[in-house]
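K.L.:
Let me begin by handing over the structure; questions about it come next.
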C-alpha cells in the first residue's frame with residue numbers, strides 16, 4: 001500500500017494515510033477508464049491528510065468511499081459505504097475527495113458519470 005506521510009519529521013514516522021491498492025477497487029471500472037482512474041487515485045492521495053486529532057487519540061481505520069464523477073470532472077456525490085468507525089477519519093476521507101478541483105474525462109471516453117469505489121486507510125505505525 002503506497003502511503004502518504006504527513007506532519008513533522010517525527011510525526012511522519014508514526015502515521016500514514018493511504019489509498020488501497022488498485023486491485024482493491026470494486027465496482028468494475030471499465031478498462032477504458034483505467035488511466036483516468038489511476039490519475040484520480042493519485043490526486044486523492046495528494047489531498048489525503050491524517051487528522052492530527054486522530055493521531056493524538058491513536059485512531060486508525062479503513063474507509064471505503066463511493067464517488068460519482070461527472071463527465072465534466074466535477075465530483076457529483078461522495079458517500080461512505082464502509083466506515084472506519086471513527087467520524088474524524090471518515091470526514092478526512094470525504095474531504096480529501098471533495099476538495100479536488102474538477103478534472104474532465106478525456107474526450108475519447110464515453111460521456112457518462114463514472115462510479116468509483118475508493119478504499120482509504122489510516123494507520124499508526
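The values are calculated or read from the model by the stated rules, or taken from the named source; none is laboratory data. Here the structure is a predicted model, which means the values were calculated and not measured. In this analysis, Cβ positions are derived from the backbone assuming ideal geometry, glycine residues included, and neighbour counts consider all displayed protein chains.
K.L.:
Those residues that are free of Cβ contacts under 8 Å to residues at least 12 places away in the same chain and either in contact with a helix residue (DSSP H, G or I) (Cβ under 9 Å, 6 or more places away or on another chain) or closer than 22 Å to residue 50 by Cβ (or both), I need them from the stretch 71-90; list them, please.
P.N.:
As a first pass, look at the stretch 71-90 and keep what is free of Cβ contacts under 8 Å to residues at least 12 places away in the same chain: 77, 87.
Result: 87, single match.
K.L.:
Taking the stretch 81-98, which residues are crowded, with 17+ Cβ neighbours inside 10 Å and within 14 Å of residue 116 (Cβ to Cβ)?
P.N.:
Answer for the stretch 81-98, where residues must be crowded, with 17+ Cβ neighbours inside 10 Å and within 14 Å of residue 116 (Cβ to Cβ): 93, 94, 96, 97.
K.L.:
Could you say whether any residue in the stretch 70-86 is within 14 Å of the chain's Cα centre (by Cα), modelled with pLDDT under 95 and either assigned to a loop (DSSP other than H, G, I, E, B) or under 21 Å from residue 124 (Cα atoms) (or both)?
P.N.:
Checking the stretch 70-86: not a single residue is within 14 Å of the chain's Cα centre (by Cα), modelled with pLDDT under 95 and either assigned to a loop (DSSP other than H, G, I, E, B) or under 21 Å from residue 124 (Cα atoms) (or both).
K.L.:
Continuing with the same structure: Go through (1) within 20 Å of residue 121 (Cα to Cα); (2) at pLDDT below 95; (3) exposed (fewer than 13 other Cβ atoms within 10 Å of the Cβ) and name the single condition residue 108 misses.
P.N.:
(1)
K.L.:
Also, I was wondering about something else. Among the listed residues 64, 32, identify the single one that is modelled with pLDDT under 95 and either surrounded by 12 or more Cβ atoms within 10 Å (Cβ to Cβ) or more than 23 Å from residue 122 (Cβ to Cβ) (or both). Please lay out each step first, then the result.
P.N.:
Numbers: 64 fails: modelled with pLDDT under 95.
On inspection, the qualifying residue turns out to be 32.
K.L.:
Run residue 122 past the list (1) assigned to a strand (DSSP E or B); (2) closer than 21 Å to residue 29 by Cα; (3) within 13 Å of the chain's Cα centre (by Cα) and report the number of the one that doesn't hold.
P.N.:
(2)
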